[in-house]
Amino acid sequence: MRNLIKGFLNVLYPPYCVICGDLLPIERWDEGLCIRCNQSPPYLTGNRCKFCGRQLQVGDVCHSCLEHRPVFERGVSVFDYKVLRDGIARFKFDGAKGDGDVFGDIMGKYLLENHRDWIEQVDFITGVPLHIRKEKERGFNQADILCKNVSKITGIPYKKKVIIRTKETTPQSKLSAKERHENLKNVFDAEDCTDRCILLVDDILTTGATLNECSRALYRAGAKTVSVFCLSVRE
Ligand SMILES: [Zn+2]
Ligand SMILES: [Zn+2]
């Protein structure tokens, strides 16, 4: 019976550590994390740009964000993408939705431990909308799963589909940084957000172009502040 139950849990929870990929003993399956990654998660450390989260020697804004200042108020990421590359691939491309629950839990705890001061002002969490075709292919939107779990841990309400895509675009991963900005012009729209403080969630911050355009749509819809929160940042 116990094995049957565990077999069922195996479908819901990953039998490997979502961060390092090590196989887990049965008693850790529902954690989704090995003891090492649970006790000392490989979070980003050091001095970080307040918009994109990239490492800095001095100051609080990196060269690239000084040149093209993001419209969002701040950006926080939890991990370096290099550490999570395989984990994110399993989550998104192998359709391992349970991995997203573990990642979302980690993100929620990270916010409570490190950013309690400003998250108290956040009215709701929302996610970056996925390409409609991609969501159909994948069967889920990764930002949606992360948002649900961040909301569960922090108690901040999650509002689904606040931002909508008004047209289909070329996937950002196929484009250069400059093309990414052009590709997304006027692609997003948002429902009324008058005077709301919003936490915008996604899995990876690369150039920040998508997050920037989504933030712009939220500000157009009346948002008071938009802060960005990502599972990982690509240096
Ligand atoms: Zn691990
Ligand atoms: Zn920056």
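Just one of the numbered conditions (1) under 16 Å from the mean Cα position of the chain (by Cα); (2) closer than 21 Å to A209 by Cβ is not true of G100; which one?
The number of the failed condition is (2).
Output the number of residues of the stretch 184-201 satisfying the condition of being within 15 Å of I164 (Cα to Cα) and open to solvent by 20 Å² or more (accessible area, probe 1.4 Å).
Initially, the stretch 184-201 is screened for residues within 15 Å of I164 (Cα to Cα), giving 184-193, 200-201.
Those left that are additionally open to solvent by 20 Å² or more (accessible area, probe 1.4 Å): 185-186, 189-192.
Qualifying residue count for the region: 6.
Which one is nearest to R196 (Cα to Cα), of the residues in the stretch 28-76 that are acidic (D, E) and in contact (Cβ under 8 Å) with a residue 40 or more places away in the chain? Spell out the reasoning first.
Just the residues of the stretch 28-76 that are acidic (D, E), to begin with: 30-31, 60, 67, 73.
When the remaining residues are screened for being in contact (Cβ under 8 Å) with a residue 40 or more places away in the chain, the result is 31, 73.
Values: E31: 34, E73: 13 Å.
This residue is E73.
Please go through (1) in the same structural domain as L205 (by TED's automatic domain parsing); (2) in a helix (DSSP H, G or I); (3) within 16 Å of ligand 1 (Cβ to nearest atom) for V78 and return the number of the only condition it doesn't satisfy.
With (1) in the same structural domain as L205 (by TED's automatic domain parsing); (2) in a helix (DSSP H, G or I); (3) within 16 Å of ligand 1 (Cβ to nearest atom) applied to V78, the lone miss is (2).
Of everything in the stretch 21-33 that's under 20 Å from L84 (Cβ atoms) and open to solvent by 50 Å² or more (accessible area, probe 1.4 Å), which residue is farthest from ligand 2 (Cβ to nearest atom)?
L23
In the stretch 34-51, which residues are away from ligand 2 (no atom under 16 Å from the Cβ) and either surrounded by 11 or more Cβ atoms within 10 Å (Cβ to Cβ) or among the hydrophobic types (A, V, I, L, M, F, W, C) (or both)? Working first, answer last.
Pass one, the stretch 34-51, residues away from ligand 2 (no atom under 16 Å from the Cβ): 34-43, 45.
Listed by number, the residues that qualify are C34, I35, R36, C37, N38, P41, P42, Y43.
Applying the selection to the stretch 100-114, what residues are touching a strand residue (DSSP E or B) at 6+ places or on another chain (Cβ under 9 Å) and open to solvent by less than 40 Å² (accessible area, probe 1.4 Å)? Before the answer, list the steps.
Step one: list which residues in the stretch 100-114 are touching a strand residue (DSSP E or B) at 6+ places or on another chain (Cβ under 9 Å), which gives 100, 103-104, 106-107, 110-111, 114.
Once the filter is applied, which keeps residues that are touching a strand residue (DSSP E or B) at 6+ places or on another chain (Cβ under 9 Å) and open to solvent by less than 40 Å² (accessible area, probe 1.4 Å), the stretch 100-114 yields G100, F103, G104, I106, M107, Y110, L111.
Tell me which of these V102 doesn't satisfy, since it passes every other one: (1) within 30 Å of P15 (Cβ to Cβ); (2) assigned to a loop (DSSP other than H, G, I, E, B); (3) among the β-branched types (V, I, T).
(2)
Select, from A217, A223, A209, the only residue that is more than 16 Å from E73 (Cβ to Cβ) and open to solvent by less than 30 Å² (accessible area, probe 1.4 Å). Lay out the reasoning, then the answer.
On the way: A217 fails: more than 16 Å from E73 (Cβ to Cβ); A223 fails: more than 16 Å from E73 (Cβ to Cβ).
Among A217, A223, A209, only A209 is more than 16 Å from E73 (Cβ to Cβ) and open to solvent by less than 30 Å² (accessible area, probe 1.4 Å).
Take the conditions away from ligand 1 (no atom under 16 Å from the Cβ) and of a type in the set (D, E) and apply them to D60. Does it pass?
Considered against the rule, which asks whether it is away from ligand 1 (no atom under 16 Å from the Cβ) and of a type in the set (D, E), D60 comes out as yes.
Looking only at residues in the stretch 52-75 that are in a loop (DSSP other than H, G, I, E, B) and of a type in the set (K, R), which one is farthest from ligand 2 (Cβ to nearest atom)? Write out each step before concluding.
At the first step, the residues of the stretch 52-75 found to be in a loop (DSSP other than H, G, I, E, B) are 52-54, 56-62, 68-73.
From what is left, the residues that are of a type in the set (K, R) are 54, 69.
Working: R54: 5, R69: 9 Å.
For the stretch 52-75, the residue satisfying everything is R69.
Within the stretch 71-89, work out how many residues are basic (K, R), under 15 Å from Q142 (Cα atoms) and touching a strand residue (DSSP E or B) at 6+ places or on another chain (Cβ under 8 Å). Before the answer, list the steps.
Filtering the stretch 71-89 down to residues basic (K, R) leaves 74, 82, 85.
Keeping just the survivors that are under 15 Å from Q142 (Cα atoms) gives 85.
Adding the requirement that they be touching a strand residue (DSSP E or B) at 6+ places or on another chain (Cβ under 8 Å) leaves none.
Here the count works out to 0.
Mind checking which residues of the stretch 103-115 are of a type outside the set (G, A, S) and in contact with a helix residue (DSSP H, G or I) (Cβ under 8 Å, 6 or more places away or on another chain)? Steps first, please.
Kept after step one, since they are of a type outside the set (G, A, S), are these residues of the stretch 103-115: 103, 105-107, 109-115.
Residues satisfying the conditions are F103, D105, M107, K109, L111, L112.
Tell me which helices (runs of 4 or more DSSP H) are completely within the stretch 137-235 and hold 3 or more residues being touching a residue at least 40 places away in the same chain (Cβ under 8 Å) and in the same structural domain as D101 (by TED's automatic domain parsing), or say none if there are none.
Working: elements: 142-154, 177-183, 209-220.
In the stretch 137-235, the matching helices (runs of 4 or more DSSP H) lie at 142-154, 209-220.
The values are calculated or read from the model by the stated rules, or taken from the named source; none is laboratory data. None of the values given here were measured: they were computed from a predicted structure. Cβ: placed from backbone, ideal geometry, glycine included. Neighbour counts: every protein chain shown. Accessible surface areas use protein heavy atoms only, side chains included; no ligands, DNA or RNA. Shrake-Rupley method; radii C 1.70, N 1.55, O 1.52, S 1.80 Å.
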